[in-house]
């Protein structure tokens, strides 16, 4: 492996590992996901509970990424599917279905420490439509210090062509940082992703993951049959 390839691999993996804190701030379409109240406290998995409100969803499937952070450690990085408007319960769990993080915490969550919960409503995964943040004084007390739209942070300004189409990775997929050059330990979770085009060998699709352009094998992707895509064919244009 060349020195240039090694440098590219290190830079790519470092970007992916830290991108969960660089949340896009451009919202679209009016869909929202908000915390209404804290209803139960506790520091073990499943104890801390809230009421949330989902509004303006169009009936298709969305992903809510819930990230729980205490003193720089992450105790939850969940990907949960929602499609129905209205009020529902929402709890903190020892759940990392959105993907591994470099700084996971071990339950129980420390009591008496400020706890931050960040929620991002996404479709496809990695494309943020709305963000909400709840900060409480501790998992054992639940007194609200802040509950509102996520404060403005780093925006995702990735240029994506208008020809891009949302596709589905039904079984997930291994990620490549360039066609044929595997990104170790980085995979797509099953779900929908924005597909930009294919490589010149017509073997890989370029997709968007956490505001990064990455590659996956074409045989791991298929059209999304959810609204509003309804089976739209994936793009065939050659991209670099």
Note to self: Starting from the Kirkwood Rh over alpha-carbon pairs, what translational D in µm² s⁻¹ does segment 24-149 have by Stokes-Einstein at 20 °C and 1.002 mPa s?
What the structure shows: 147
Margin query: Based only on other Cβ atoms within 10 Å, what is the fewest-to-most ordering of 84, 109?
Written below: 84, 109
Item checked: In nm, spacing of pseudo-spin labels at residue 144 and residue 174 (7 Å Cα→C-beta vector) -> 4.7
Notebook entry, point to check: Can you give the Kirkwood hydrodynamic radius of segment 113-196 from its Cα pairs, in Å with one decimal?
Noted result: 15.7
Check: How would you rank 43, 139, going from fewest to most other Cβ atoms within 10 Å of each one's own Cβ?
Finding: 43, 139
Note to self: To make sure I understand, if each residue's beta carbon is the centre and we count other beta carbons within 10 Å, what order do 140, 219 fall in, fewest to most?
What the structure shows: 219, 140
Check: Based on the Kirkwood radius over alpha-carbon pairs, what is the Stokes-Einstein translational diffusion coefficient of segment 65-129 at 10 °C with 1.306 mPa s viscosity, in µm²/s?
Finding: 124
Item checked: Inter-label distance, nm, simple model (7 Å from Cα along the C-beta direction), residue 39/residue 185 -> 3.8
Next item on the list: Give, in nm to one decimal, the length gained when the segment between residue 163 and residue 51 is fully stretched (0.36 nm per residue of separation minus the Cα-Cα distance).
Entry: 36.5 nm
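All of the numbers you see were taken from the coordinates with simple rules; none came from a lab. In this text, all values refer to a predicted model and were calculated from it rather than measured experimentally. A quick note on method: Cβ atoms are made from the backbone with ideal geometry, for glycine too, and the neighbour counts reach across all protein chains shown.
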